[in-house]
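Novice: Encoded as structure tokens, here's the structure I'll be asking about.
The values are calculated or read from the model by the stated rules, or taken from the named source; none is laboratory data. Note that this is a predicted model, so its numbers are computed, not measured. Glycine gets a Cβ as well: all are built from the backbone with ideal geometry, and neighbour counts include every protein chain shown.
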Amino acid sequence: MKAAAGWLARRLGFYVIAAIVAVVLNFLIPRLMPGDPASVLFARFQGDLDPEAIEGLRKTFGLQDAPLHEQFYSYISALAHGDLGLSVAYFPTPVSEVLGEGLMWTGLLAGGAVLISFVLGSSLGALAAWKKGGPLDTVLPPLLAFLGAFPYFWLAMLAAWVFGFQLDWFPLRHAYADNLAPSFSWPFIQSVISHAFLPALTMVLVSLGGWLLAMRNTMIGVLGAEHVRYAQARGLTPRRILVHYAARNALLPNVAGFGMALGFVLSGALLTEVVFSYPGTGLLLLTAVRGQDYPLLQGLFLAITFAVLSANWLVDVVTVALDPRTRT
């Protein structure tokens, strides 16, 4: 256990260094780019504001003419208090509020889709390898690989056209009906599920084949290992051998991939959210780029970076728990 704790500590140190580098880059990049949020917002009014107002806007966005190290100190102080500045595209709403709402909907949509795809794909892959040559192993892998070959935004547009425009089975805009207020009532929950179903379905269908094939191929190798043959020789039940001796070891590569996929959830399925006008971080990212919303871009960059690092750290912890070899 000492070796495992030391390894986890070293990994955590690496992630902390990566987070510090990300914060520094997040501070420097917008200041090296031409223009600033105040100039963008001033230009949006097309001469309706006095030229003196730009100085007030610069103060509002926390822009200073102070030396770079003083600006960095102010930036870190604001960041420590959760102050990410004001959004240009959603002015005068703070970035933290805009980002919080986008993260919530993306976590629900993309996070739920990744989790469903991982669990379902890994389970089907384990069963396909266990029953190698059977109907499940013969039909599902090529079918899901075929679906995964399509660009996910194309599948999203096809689903929107068939099930939204032609059949009118599912709504195509926003995260819930416009005539409902957010609550824990069944009509609101039902509306959220119906709005998220189609975009989530396209994401699951596109990624399901990858999880299935990865698990199946690893599982086939594990089934020929000595510890599995030893478990069979002991007369253990097939279910116990499948779950505890084969699938548990074969799952390790998929767990690492799941951590990466989960970390990148916050970047949103950009084109899927655009196709369905779903108010997640992918749509926020597009809005921020179009409107040169530097504060919102900075907030998105930090959220995605910290999510990826945190997900990788959790994968390291789960790997130690699943694989005894990492504890020695």
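Novice: From Pro295, Pro238, Pro253, which residue is touching a Pro at 6+ places or on another chain (Cβ under 7 Å) and over 25 Å from Leu155 (Cα atoms)?
Specialist: Pro295
Novice: Being among the aliphatic types (A, V, I, L, M) and in contact with a Pro (Cβ under 7 Å, 6 or more places away or on another chain) is the filter here; which residues of region 104-147 pass it?
Specialist: Once the filter is applied, which keeps residues that are among the aliphatic types (A, V, I, L, M) and in contact with a Pro (Cβ under 7 Å, 6 or more places away or on another chain), region 104-147 yields Leu109, Ala128.
Novice: Residues Arg234, Arg216, Arg239: which one is touching a Gly at 6+ places or on another chain (Cβ under 6 Å) and charged (D, E, K, R)?
Specialist: The conditions single out Arg216.
Novice: Which of the residues belonging to region 134-182 are over 18 Å from Gly121 (Cα atoms), at pLDDT 80 or above and of a type in the set (Gly, Ala, Ser)?
Specialist: Result: Ala156, Ala159, Ala160, Gly164, Ala175, Ala177.
Novice: Taking into account only those residues within region 255-274 that are buried (at least 24 other Cβ atoms within 10 Å of the Cβ) and at negative phi, which is modelled with the lowest pLDDT?
Specialist: Among those that are buried (at least 24 other Cβ atoms within 10 Å of the Cβ) and at negative phi, it is Leu266.
Novice: Still on this structure: Which condition breaks for Arg239 when tested against (1) exposed (fewer than 15 other Cβ atoms within 10 Å of the Cβ); (2) over 21 Å from Leu140 (Cβ atoms)?
Specialist: Tallying (1) exposed (fewer than 15 other Cβ atoms within 10 Å of the Cβ); (2) over 21 Å from Leu140 (Cβ atoms), Arg239 fails exactly one: (2).
Novice: Separate question: Just checking: which of the helices (runs of 4 or more DSSP H) contained wholly in region 25-124 hold 1 or more residues that are at pLDDT 80 or above? Outline the logic, then answer.
Specialist: On the way: elements: 37-44, 53-60, 68-80, 95-106.
Here the list reads 68-80, 95-106.
Novice: Next up: Can you pull out every residue in region 279-325 that is within 20 Å of the chain's Cα centre (by Cα) and without any contact (Cβ under 8 Å) to a residue 12 or more places away in the chain?
Specialist: Hit for region 279-325 is Val289, nothing else.
Novice: Follow-up question, since we're still on this one. Got a sec? Which of Ala175, Ala159, Ala181 is surrounded by 16 or more Cβ atoms within 10 Å (Cβ to Cβ), in a loop (DSSP other than H, G, I, E, B) and either free of Cβ contacts under 8 Å to residues at least 40 places away in the same chain or of a type outside the set (D, E, K, R) (or both)?
Specialist: That would be Ala175, the only listed residue that is surrounded by 16 or more Cβ atoms within 10 Å (Cβ to Cβ), in a loop (DSSP other than H, G, I, E, B) and either free of Cβ contacts under 8 Å to residues at least 40 places away in the same chain or of a type outside the set (D, E, K, R) (or both).
Novice: Still on this structure, I have one more. Within region 210-323, considering only helices (runs of 4 or more DSSP H) that don't extend past its boundaries, which have at least 1 residues that are within 22 Å of Leu124 (Cβ to Cβ) and of a type outside the set (Lys, Arg)?
Specialist: 226-233, 248-263, 294-322
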